[in-house]
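Visitor: Pasting a structure here, questions to come.
Taken together, the values in this text are just the output of simple stated rules run on the coordinates, not laboratory data. A quick note: this is a predicted structure, and the numbers were derived from the prediction, not measured. Cβ coordinates were reconstructed from backbone atoms using ideal geometry, including for glycine residues, and neighbour counts include every protein chain displayed.
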Amino acid sequence: MNLIRLLAMLFLLWMLVRLIRRWLDGRRARLAQQARAEAEQARQVPEMVRCQQCGIHVPMAEAVTDGAGRHFCSPAHREAHGGGRE
Ligand SMILES: [Zn+2]
């Protein structure tokens with residue numbers, strides 16, 4: 001009788017350990033997923049460049065570049081700064 005009770009206790013303990021382990025795994029997976037999502041979001045922030053004429057920051061994709069590789073917020077500011085003709 002004592003042996004059966006001991007086996008039942010061991011079984012319950014084993015089930016409990018399994019449940020806790022599964023819960024921890026799920027939590028870890030959620031945290032990893034969250035970290036991945038944040039990394040993805042950080043990567044989507046566009047690189048900002050500074051206009052050499054007025055100093056405003058614009059996304060690289062919207063910036064205008066002159067022949068020397070300098071960035072401007074608009075063609076007008078590129079012209080005002082020398083227009084890359086130098
Ligand atoms: Zn500008």
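Visitor: Any idea how many residues of the range 31-81 are within 13 Å of the ligand (Cβ to nearest atom) and part of a loop (DSSP other than H, G, I, E, B)?
Guide: Number of matching residues: 12.
Visitor: Somewhere in the range 40-56, is a residue touching a strand residue (DSSP E or B) at 6+ places or on another chain (Cβ under 8 Å) and exposed (fewer than 10 other Cβ atoms within 10 Å of the Cβ)? Reasoning before the result, please.
Guide: Taking the range 40-56 first, the residues touching a strand residue (DSSP E or B) at 6+ places or on another chain (Cβ under 8 Å) are 46-53, 56.
If we keep only those that are exposed (fewer than 10 other Cβ atoms within 10 Å of the Cβ) too, we end up with 47.
The answer is yes; a qualifying residue exists.
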